[in-house]
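Engineer: Have a look at this one.
The values are calculated or read from the model by the stated rules, or taken from the named source; none is laboratory data. Please read all numbers here as calculations on a predicted model, not as lab measurements. FYI the Cβ positions are ideal-geometry reconstructions off the backbone, even for glycines, and counts take in every protein chain you see. Accessible surface is based on the protein model in full, side chains and every heavy atom, while ligands, DNA and RNA are left aside. Shrake-Rupley method; radii C 1.70, N 1.55, O 1.52, S 1.80 Å.
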Amino acid sequence: MVLPSKKDLKISLEVFAIFQWALSAFVIVITVIAVNLYLVVFTPYWPVTVLMLTWLAFDWKTPERGGRRFNCVRKWCLWKQYCDYFPLKLLKTHDLSPSLNYIVACHPHGLLSHSWFGHFATEMSGFSKTFPGITPYVLTLGAFFWVPFLREYIMSTGACSVSQSSMDFLLTRRGTGNMLIVVVGGLAECKYSLPGSTTLFLKGRTGFVRMALQHGVALIPAYSFGETELYNQYTFTPGGFINRFQKWFQSMVHIYPCAFYGRGFTENSLGFLPYAQPVTTIVGKPLPLPKIENPSKKTVAKYHAIYVDALRQLFDQHKTKFGFSEAQELVVT
């Protein structure tokens, strides 16, 4: 019998780490729904479901009150395999002071935001060593916190709701040294997640600038080179039936349904695992903003333009190191 080599074993662990991350949310949701339906319909143990829903109602605001992180989860060795799969690399351009708070605006979203999860929801890419004294809070859709058990799993990594009340709480009630991670493009940016793409959904996204102004905290641009290389995507004929359905669906729920694919469990097969491509995230220079409690639209637009210029400078400064030509520009739509 031929035993697998250490290299083969490590690759298998890395693939498992990626697979379980992508699948875990789906499995938890289906399991919670199925088990509770079974308890209510087929057994006399419906009070268990009632207790679960009661706890959910009692604990509803926790994702907007700093969450409930567990550093032991953030340090799981599983996440080391996750980060090594690509691999992920986190680089800073400036030191950050623990006596201040920050909002980090991340680009691009990609299809599943692998780099942002690996860097800021785990400790395995070296966040605490790179930014000593800083506590990261990954802000994500509130819908992820509606399902029991799934919400606990997500909050354990330090994730919180991206709502305004959540950001207000973190910037006023948690002291200093807090870094709020906002992937600005959101799910609407998924349609631009194509290999070689540098298009960002950013023009109409001004909420993060308004929040930074209201609290007088610095904005930090961050760009992840390689995030859009992790999947391929089918592009349907503009104006065709499927393309019209995609646009209609996006207009209804603000999510663009993408037909994407990556690799399978073996290197040359098709599947939904990301390609093992290196992803390097550059965290830029803090952009100080004045504190304006009720900024006007004109003021927000002014500082949004300043932020976009800073993001372009960050991209232009590093693009040739990651395969882009000197002529390649960052497209903001």
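Engineer: Pick from the stretch 1-40 the residues that are of a type in the set (Phe, Trp, Tyr) and farther than 20 Å from Phe144 by Cα: which of them is least open to solvent (accessible area, probe 1.4 Å)?
Structural biologist: Going through the qualifying residues, I end up with Phe16.
Engineer: Let me ask something additional. Would the stretch 312-332 turn up any residue that is in contact with a His (Cβ under 8 Å, 6 or more places away or on another chain), buried (at least 17 other Cβ atoms within 10 Å of the Cβ), modelled with pLDDT of 95 or more and aliphatic (A, V, I, L, M)?
Structural biologist: no
Engineer: Of the conditions (1) of a type in the set (S, T, N, Q); (2) touching a helix residue (DSSP H, G or I) at 6+ places or on another chain (Cβ under 9 Å); (3) open to solvent by less than 50 Å² (accessible area, probe 1.4 Å), Thr43 satisfies every one except a single condition; which number is it?
Structural biologist: (2)
Engineer: For Arg151, are the conditions met, namely being surrounded by 17 or more Cβ atoms within 10 Å (Cβ to Cβ) and over 24 Å from Pro221 (Cβ atoms)?
Structural biologist: So Arg151 passes the test.
Engineer: Output the qualifying pairs, or none if there are none: Cβ atoms under 7 angstrom, residues six or more apart or on different chains, first residue in the stretch 5-23 and within 16 Å of Leu112 (Cα to Cα), second residue open to solvent by less than 50 Å² (accessible area, probe 1.4 Å) and not in a helix (DSSP H, G or I).
Structural biologist: Val15/Leu273; Ile18/Leu273; Ile18/Pro274; Phe19/Leu273
Engineer: As an exercise: evaluate Gly185 against (1) among the small types (Gly, Ala, Ser); (2) without any contact (Cβ under 8 Å) to a residue 12 or more places away in the chain; (3) crowded, with 19+ Cβ neighbours inside 10 Å and give the number of the one condition it does not meet.
Structural biologist: All conditions are met except number (2).
Engineer: Looking at the stretch 65-72, is at least one residue in contact (Cβ under 8 Å) with a residue 40 or more places away in the chain, open to solvent by 90 Å² or more (accessible area, probe 1.4 Å) and more than 30 Å from Cys258 (Cα to Cα)?
Structural biologist: There is at least one residue in the stretch 65-72 that is in contact (Cβ under 8 Å) with a residue 40 or more places away in the chain, open to solvent by 90 Å² or more (accessible area, probe 1.4 Å) and more than 30 Å from Cys258 (Cα to Cα).
Engineer: A further question on this structure: If a residue must be touching a Lys or Arg at 6+ places or on another chain (Cβ under 8 Å) and either outside any loop (DSSP other than H, G, I, E, B) or among the aliphatic types (A, V, I, L, M) (or both), how many such residues does the stretch 105-134 contain?
Structural biologist: Residues that pass the stated criteria total 3.
Engineer: Has the stretch 125-140 got at least one residue that is crowded, with 20+ Cβ neighbours inside 10 Å, out of contact with any strand residue (DSSP E or B) (no Cβ under 6 Å at 6 or more places or on another chain) and farther than 26 Å from Phe169 by Cβ?
Structural biologist: no
Engineer: All but one of (1) surrounded by fewer than 16 Cβ atoms within 10 Å (Cβ to Cβ); (2) free of Cβ contacts under 8 Å to residues at least 40 places away in the same chain hold for Thr49; state the number of the condition that does not hold.
Structural biologist: It fails just one condition, (1).
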